[in-house]
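Here's the structure, in structure tokens; my notes come after.
The values are calculated or read from the model by the stated rules, or taken from the named source; none is laboratory data. Because the structure is a prediction, the values reported are computed rather than measured. Because the Cβ atoms are built from the backbone with ideal geometry, glycine has one as well, and the counts that use them run over all protein chains shown.
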Amino acid sequence: MAPQVRNKLLRLIPDDELFRLLDVCDRVRLAPRQVLHHYMLPMEHLYFVESGLVSVAARVSREKFVEVWLIGSEGLVGAPVVLAAKAAPLHRRTVQVTGEALRIKTSEFCRLLEFLPHLRSVVDRYLAVVLAQTSQSGACNSYHGLKQRLARWLLIARSATDADEMPLTHGVLAELLGVRRASVTECLEVLQKDGTIVTRRGSVKIEDAAELSKIACDCFQLIEREYRRHLLPALDIDSRSRPHVSFGAAVNLGKSTVVDQEPERSSE
């Protein structure tokens, strides 16, 4: 029977390829502020996110990083390694919302890509989505106002986590968007008065996604359209046909079900 997986990319590949991939994966916890990939250091592992949220940030000064795209259960942390397996990444990947992921060694992943054509196809399509998100986000950050950008960010995070509430502080949001904390707080207060969100200590909850999408710029819809165009049609078909059983019962990894990881701290 086919294993149950929560990562949407893995749900797109046939069972025989999925079994081969899962056989060399660990399931790991993702801790908030844990750095999965450091700036300009080799990627030792890739992560198929099952739950939680990971931000990918570009370095803009010696001490400052600004987010360029988000990864949730729809994606793969470290996908650009397909383009240059031994290259050191120009981005830092940090867990923002706790969750779980399936972790695989980079060398093992690159080796499997040579023998798993469906997996390679899915990863290539996901890279097209990443390119669309990064380019559109870059244009958005240089043209649109903070209120629109914040609404766009919240909607993308909602799609990535499949959750309306995100345990993020105003300070973290400000850091990700590259603005002052006071500016984020002011925008959140406006959105809360509009009835689109509710802020609590250490969290933001989307109350009305439809209204929030009207406030956001068109960039959110463009990014969502690219994801649907490249990946969602196949995912919808696959999710209807694939039986669901527990991950542990379907695949014996020969390892513990969940591997605890000590959060890495950035040395930049």
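Quick notes on this one:
- Residues in segment 66-77 that are touching a helix residue (DSSP H, G or I) at 6+ places or on another chain (Cβ under 8 Å) and hydrophobic (A, V, I, L, M, F, W, C): Val66, Val68, Trp69, Leu70, Ile71, Leu76.
Okay, residues lined up against (1) buried (at least 20 other Cβ atoms within 10 Å of the Cβ); (2) touching a residue at least 60 places away in the same chain (Cβ under 8 Å):
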residue: Lys64; (1), (2): no, yes
residue: Ile71; (1), (2): yes, yes
residue: Val82; (1), (2): no, no
residue: Ala88; (1), (2): no, no
residue: Arg92; (1), (2): yes, yes
residue: Thr98; (1), (2): no, yes
residue: Ala101; (1), (2): yes, yes
residue: Lys105; (1), (2): no, yes
residue: Arg111; (1), (2): no, no
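- Among the residues of segment 182-197, the one identified as surrounded by fewer than 21 Cβ atoms within 10 Å (Cβ to Cβ) and within 23 Å of the chain's Cα centre (by Cα) is Leu188.
- Residue count, segment 76-102 (criterion: basic (Lys, Arg) and not in a loop (DSSP other than H, G, I, E, B)): 2
- Some residue of segment 205-225 being closer than 30 Å to Leu112 by Cα and of a type outside the set (Val, Ile, Thr): yes
- Residue check, Phe115 modelled with pLDDT of 85 or more, closer than 23 Å to Lys8 by Cα and in a loop (DSSP other than H, G, I, E, B): yes
- All positions within segment 154-174 that are of a type outside the set (A, V, I, L, M) and in contact (Cβ under 8 Å) with a residue 60 or more places away in the chain: Ser159, Thr161, Asp162, Pro167
- Here Gln221 fulfils each of the conditions (1) part of a helix (DSSP H, G or I); (2) modelled with pLDDT under 80 apart from (2).
- Taken together, Arg103, Arg93 contain a single residue that is basic (Lys, Arg) and in contact with a Lys or Arg (Cβ under 9 Å, 6 or more places away or on another chain), which is Arg103.
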